[in-house]
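Notes for the one structure printed next.
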Amino acid sequence: MLNALPSSPSRKPASARRGSTLIEMLVAVTTGTCIMGSIMTTGITATNTMVAIGNYCDLNRASRRTLDMMSADLRNTAVVTSVSSKQVTVSNVLTADMISYAWDGSNKVTRTFNSTASVMLVNCDYLCFSNFQRNPTVNFQFLPATTPAATKLISVSWRCSRQILGAKINTESVQTAQICIRN
Amino acid sequence: MRLNNKSNNSDGTAKAAFSLLELLIAVTVMALIFSALFSGISTSFSLLQAARENLRATQIMISRLEGLRLCAWSSSQLFNTNVVPLKFTDSFYPLGLNTTTNSGTAYVGTLTITTNPAVSPAASYGPNLALVTVTLAWTNGVSSVRSIHQRSMSTYVAQYGLQNYVYYH
């Protein structure tokens, strides 16, 4: 009756102990690699997208807030006392407060109200002020003002950006404006 | 669904495997999930780009209207199409902002100036008023899936400018 006893695992026949073949192994590894690659790519892309949108919203919020304040300050200007490509200083027509906007050349834009400074923009990698006099010329061009006091129109443009993995795709905010002084 | 009797274990029980149909369904479901995910990401990028282009269009229109404040009410300035052209172009990255030339999305603008516009209620100062409308049009730049965007903005220009009581109060 020895044959009625269950056979132990160590005594399986050779056909029942076979492992995966090389082909099966290769197919499994390839499939696994494809799936893992897809998941990783999706994850990285989704993360980049979220970061890019978040960065853009944040930069845009700061840019619009800055432009709102700058427009109000410059429109109420009595006279422009100093202007260059990186800064503009004006006095308020009603309160005679001195207000200036200045870019440090690489990162920050600061608004100084009398002697109180506050940072308006960070990650600003370009800013340029231009000042023009009153009369328009051909093709809606304005002549540069010869003195700060002759300024009637201030053109400003800036660009703020952040990088994601070394690229600036969709993570920059561009702002341009012409502000007419109502003095 | 399992297929039975594919092979037997050592103890004689059936060892089931996935059928081809199950595998195809699983692959199809995964393909759908991934394509939906990528489609969503792609759409979000497109919407973000459209929002940026729209914002830039607003900047161009405001800038154009702001410059009009300096134009005198005369045939030599406001109503001179050489000084205030009725058609103009601008770009997403204007000169000096990002490169040494204009680059990015191209905007085509038109300007209409309507004197003595209809105001309600009718006003005696109507002839001293002009309605200025700036319209910008641009495309997404993709020739295969081209979509045309258009925005416009209007303002009034008065012959004698803003009154003091409006300005100071």
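Each value in this text was obtained by applying a stated rule to the coordinates, not by laboratory testing. The model shown is predicted, which means the values in this text are computed figures rather than measured ones. Ideal geometry is used to build each Cβ from the backbone, glycine not excepted, and the neighbour counts take in all protein chains shown.
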| query | Semi-axes of the protein assembly as shown's equivalent ellipsoid from the Cα gyration tensor, sqrt of 5 times each eigenvalue, largest first, rounded to whole Å? | reply | 68, 24, 16
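Tell me, what is the FRET efficiency for A:Ile44 and A:Arg134 to the nearest 0.05, using R0 = 45 angstrom and their Cβ-Cβ distance as r?
Working: r = 54 Å, r/R0 = 1.19.
FRET efficiency, A:Ile44 to A:Arg134: 0.25.
Distances over 31 Å make up what percent of all Cα-Cα pairs in chain A?
Values: 7703 of 16653 pairs.
Value for chain A: 46 percent of Cα pairs lie more than 31 Å apart.
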| Average partner chain C-beta neighbours within 10 Å, per residue of A:175-181? | 6
| With axes computed from alpha carbons, what is the tilt in degrees of helix A:22-75 against the longest principal axis of chain A, rounded to the nearest 10 within 0 to 90? | 10 degrees
| remark: Of all chymotrypsin sites (Phe, Trp or Tyr not before Pro) in region B:99-153, the ones in DSSP coil with at most 14 other Cβ atoms within 10 Å are B:Tyr125
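First check a/c for region A:53-133, with a ≥ b ≥ c the square roots of the eigenvalues of its C-alpha gyration tensor; if it is under 1.5, answer rounded, and if not, answer prolate when a/b is larger than b/c or oblate otherwise.
Values: a/c = 1.94, a/b = 1.67, b/c = 1.16.
Here region A:53-133 falls in the prolate category.
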| If each of B:Gln49 and B:Ser35 carries a label point 7 Å out from its Cα toward its Cβ, how far apart are those two points in nm? | 2.1 nm
| note | Between A:Ile164 and residues 5 or more places away or on another chain, the pairs with built amide H atoms under 5 Å apart involve A:Ile169
| Does a label point 7 Å from the Cα of A:Asn183, set along Cα-to-beta-carbon, have any residues of region A:135-168 with amide nitrogen under 16 Å, and which are they? | A:135, A:145-155
| field | For A:Ala78, residues with placed amide H under 5 Å, excluding near neighbours | value | A:Ser91, A:Asn92, A:Val93
| said: Defining a contact as two alpha carbons under 8 Å apart and six or more residues distant in sequence, what relative contact order in percent does chain A show? | reply: 18 percent
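Can you work out the FRET efficiency for the pair B:Thr28 and B:Ala137, with r the C-beta to C-beta distance and R0 = 41 Å, to the nearest 0.05? Before the final figure, lay out each step's value.
Values: r = 42 Å, r/R0 = 1.03.
That gives a FRET efficiency of 0.45.
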| message | Helix-only estimate, please: 222 nm mean residue ellipticity of the protein assembly as shown, summing -39500 (n - 2.57) across DSSP H runs of length 4 or more and dividing by its residues, to the nearest 500. | response | -11500 deg cm²/dmol
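Anything over 20 Å Cα to Cα? Flag those among A:Lys108/A:Lys152; A:Lys86/A:Lys108; A:Lys108/A:Lys168, in the order listed. Intermediate values should be presented prior to the final figure.
Values: A:Lys108/A:Lys152 26 Å; A:Lys86/A:Lys108 11 Å; A:Lys108/A:Lys168 18 Å.
Going by Cα-Cα distance, A:Lys108/A:Lys152 fall outside the 20 Å limit.
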